[in-house]
Structures are given as C-alpha cells and as structure tokens.
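Working notes, structure below.
The values are calculated or read from the model by the stated rules, or taken from the named source; none is laboratory data. Everything numeric in this text was worked out from a predicted model, so none of it was measured. No Cβ is skipped: glycine too gets one built from the backbone with ideal geometry, and neighbour counts run over all protein chains shown.
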Amino acid sequence: MSMLPTASVATIGAHEGEQVSLAGWVYNKTEKGKLIFIQLRDGSGTIQCVLFKKNVSEATFARAQALTQEASLRVTGSVRADARAPGGFELDVQELELVGPSPDYPIAPKEHGIEFLMEHRHLWVRSSRQHALLRVRAEVIAAAQEWLNSQGFVRFDTPILTATAAEGTTNLFATDYFDLGKAYLAQTGQLYVEAGMMAFGKVYCFGPTFRAEKSKTRRHLTEFWMIEPEVAFATHADNLALQEQFVSAIVQRVLERRADDLQILGRDTTVLERCVPPFPRISYDEALELIAAQQGVVEGAEPLPWGEDFGAPHEHLIASQYDRPVFVERYPAAIKAFYMEPDPQRPEVALCADLLAPEGYGEIIGGSQRIHDAALLERRIVEYGLNLADYQWYMDLRRYGSVPHSGFGMGIERAVCWITGTRHIREAIPFPRMLYRIYP
Ligand code: 4AD
Ligand code: MG
C-alpha cells in the first residue's frame, strides 16, 4: 500500500473539479466558526484547505481543530478554482488524517533572532523565505550543470581528500591519513580538473570545497560548493567570454523558472534582467585609479598601493560603477595563486580575472589562464614555497602534450546570495559551516 498523495500543490491546476489527496504539513491554520482554513505546505507549494463543519464528520472536524503548526497530515477533497486564493485553487476537504503531531513547534510565525534561527536551521528550512532561497539554489546548480552539458562539457569529479594545497597553504583543513601522513580537504578541484581537461577537452567539476578561514564576514563559509569549468586551448579572453555566457544563462533560467521564489524574496529582478553579455572589463590598475578618484564614496574603500588586494568595500565601489557584473582582470601575480599564466607583455600581472556582482555582493567567480610551460610552472611551485615532489603528477600535465588552457570557479553560495538578494551567505546553503558554527 502506498502513502503517496494522488496530487501535489504545484500541479493542482490539472485536477480542477476532481477529488484528490494531498499530503504535507500545516503552515498555518485559522478557525472561523463552522469553517477551518488550513494552509497546507507539501514542499511543492502551499494551498488553502477548507473544512466546512457540515461537510465532514465530527471526528474529522475535531482532528482539524486540534492541528498545530507543522503537524503532518493527509487530506482528501475536491479541487476548486478560486481567483482569490493564492495560486488560484483551494481544496474542499472531505477527509483528514493526522500523520505526525507537532506540539510546541519552536519557530512560531513571529520574529526570532538570527542565533535562534541558526540553532534551528533543520526546522528553519521549512519557512517560506528559506524555502524560496534553497529552491533558487537548486535551480542555479541545475542550470549551471545543464548549460555546461549542453555546451559539450563533461563532468569530471575530483577528490576531496588530497595530498597538496592549491589555493595557498594557510587555510587547509588537515586530517590524519593512515600511514601516508596528512590529507587535506580540497580547497578547489582545479588541479585535478586540469588533468580531466587534457583527456576530454572541456570539463567541469562540481562539489564541496573547504577553506579553514578564520574570517567572520558575511561572504565566507569554511565549506562551500564550487563549479569549476576548464577548457583546453582557451585563452584568458576565451575564458571571460565563457564566464559571461555561463552566468547570464544561469540568471536567465532562474528568472524564467523561479519567478515565484524571487517574488517571495522581494528580489528586484530588473538588475538580473540586465545580466546579459558583454560584461564590462576593467584592469586591476584601472580599478586602483578608480578607487583613488572616488575616495570617500564608499566607507572603507581607501586608496591602495599597487600590489595590495581589494577588500569588500573596494569591490563594492568598483561594482557600483556598472549595471551588470564586471570583470576585474590582470591582478598582480604575487597576490594570486601559483598556477596563473603571467601576462607576456607585463609578467608582474597574471592573466586572471575576478567577476564582481553588482549591488555590493562582491566576487562570485575567480579564474585565469594557467601556466602551460613546464619550466615556468616548476619555478613558481618552488617560489611559492610548495614541495615540488608533491606536484609531480601536475607537472606531468605540462610534460606530455601541454596546451594553453583556462578555467574558473564559481562559488554557488556567492552566486545565490547575489541572485536572490540575500546579504548573508549563511542562508544560501542548507547547513552552513562557519568559524563559530558546525551545529546542526
Ligand atoms: O577565487 P577562488 O579561490 O578560486 C579558486 O579556487 C580557483 N581554483 C577556481 C578555478 O579557477 N578553478 O574561489 C573561487 C570562487 C570565489 O570567486 C567565490 O565565489 C568562492 O569560490 N569562494 C568562496 N565562497 C564562500 N566561502 C569562501 N570562503 C569562499 N572562497 C571562495
Ligand atoms: Mg578569488
């Protein structure tokens, strides 16, 4: 015997006038004399279920009266179109069965402090804002992968337990690995996805990545999800062209398919609608000039000497000059990762770019052309204080049929924050891991 309902809220319109069963949870309930209104949430949507005392048994009416917030239930009734109902349909209930009671649900429909909500994240994900946010997240992930698949990319999974660092040695999570010494949780899949690129031409990896960053900003997680395409024979210019198409395709799909969720989130979609190629490009040097010229406009965006990295206020100031995401390219090589190809005209800068989202959301993508010359890569590994012996497999990629190639990584949570207009990254992932949070 199945417990599954015969319909879902999202597709209820196909059942107008029919009798169906629905299963879900009580989002809200109000009683008006002989009428009980239940907002039933089934994960796909919310529908108003109406019980009229005259139409149901006394026991059924009593069961409905006793329902509390988030109790689970199954209902049977007929689907009625009602222009006033949110979603356009109501259910006229004939039968109601309690599945699991929910006494004293901790998250009442009143304001709770953020600490309380974070402690109850496992329940908080049921509430409408969080639900909408995480649905957009799922759409972003699906859109990103499906777009790459449609462009001939092959998904190439990379390990999480690794022997080496790829993005600096100061933020590694280490764990003992049997008799082989230390293993580190991957900061990126990039080095491995470069091996895949040599096998398949166009590849991407997608998975959780880890940074033991002792930062408490609203943009940092210690565990975040990243999608990292890598393309053989692609130059820095090709890389930027791919990124703007990729980001625009994701945003346009979210606009098309998740309009309801963006509305629940109160997102101003006009900014998203403008997110079409070409995205503006500005060099690191030009960005420094801009910051100097606009001193005092954004708090904390003080002028910087050449060679310093931008902080969040600087990124905000740069992005605020444009109506869509902007590439900042050619950063000083010394503040970027060891694998980045130097600009042949100016070796002190790298053929790299960060993509900054509008409205102060900051960097959502980091990418570059990679060093393909074996001798240069070897020098860089040593200069960065890394142990050359650990990178022999990576060096092999430059010894056997090396080609110029480029790639990038988009942080899913950063992209979701921007697309949904969410200020703090802790809401862009079901269970955020941060400096002071590992529960629940
Ligand atoms: O700029 P990052 O460090 O670049 C890399 O890891 C490259 N290996 C990617 C590549 O070229 N294949 O990180 C890329 C993106 C950032 O732009 C940001 O969106 C996200 O990953 N990110 C974080 N998101 C949340 N919390 C953190 N601590 C993050 N660090 C990076
Ligand atoms: Mg970066």
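Whether a residue is farther than 19 Å from residue 8 by Cβ and among the hydroxyl-bearing types (Ser, Thr, Tyr) was assessed, and residue 68 passes this test. Just checking, how many residues over segment 246-287 are out of contact with any Phe, Trp or Tyr (no Cβ under 6 Å at 6 or more places or on another chain), closer than 18 Å to residue 320 by Cα and surrounded by fewer than 19 Cβ atoms within 10 Å (Cβ to Cβ)? Within segment 246-287, residues that are out of contact with any Phe, Trp or Tyr (no Cβ under 6 Å at 6 or more places or on another chain), closer than 18 Å to residue 320 by Cα and surrounded by fewer than 19 Cβ atoms within 10 Å (Cβ to Cβ) number 12.
Every residue in segment 355-410 that is over 30 Å from the mean Cα position of the chain (by Cα) and among the hydroxyl-bearing types (Ser, Thr, Tyr), please. 384, 391, 400, 402, listed by residue number. Across segment 206-220, not a single residue is classified as more than 17 Å from the chain's Cα centre (by Cα), under 26 Å from residue 403 (Cα atoms), crowded, with 20+ Cβ neighbours inside 10 Å and touching a residue at least 40 places away in the same chain (Cβ under 8 Å).
Restricting the search to strands (runs of 3 or more DSSP E) fully inside segment 167-270 and requiring at least 3 residues that are within 13 Å of ligand 1 (Cβ to nearest atom) gives 202-210, 223-232.
Within segment 97-125, being surrounded by fewer than 16 Cβ atoms within 10 Å (Cβ to Cβ), of a type in the set (D, E, K, R) and modelled with pLDDT of 95 or more holds for 97, 104, 115.
To keep it simple, each residue is scored yes or no on (1) in contact with an Asp or Glu (Cβ under 6 Å, 6 or more places away or on another chain); (2) within 12 Å of ligand 1 (Cβ to nearest atom).
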site: 355; (1), (2): no, yes
site: 361; (1), (2): no, yes
site: 369; (1), (2): yes, yes
site: 373; (1), (2): no, no
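The residues of segment 275-321 that are without any contact (Cβ under 8 Å) to a residue 12 or more places away in the chain, of a type outside the set (Asp, Glu) and within 30 Å of residue 245 (Cβ to Cβ) amount to a single one, 311. Please work out if residue 353 is touching a Phe, Trp or Tyr at 6+ places or on another chain (Cβ under 9 Å) and either within 16 Å of ligand 2 (Cβ to nearest atom) or within 15 Å of residue 309 (Cβ to Cβ) (or both). Yes.
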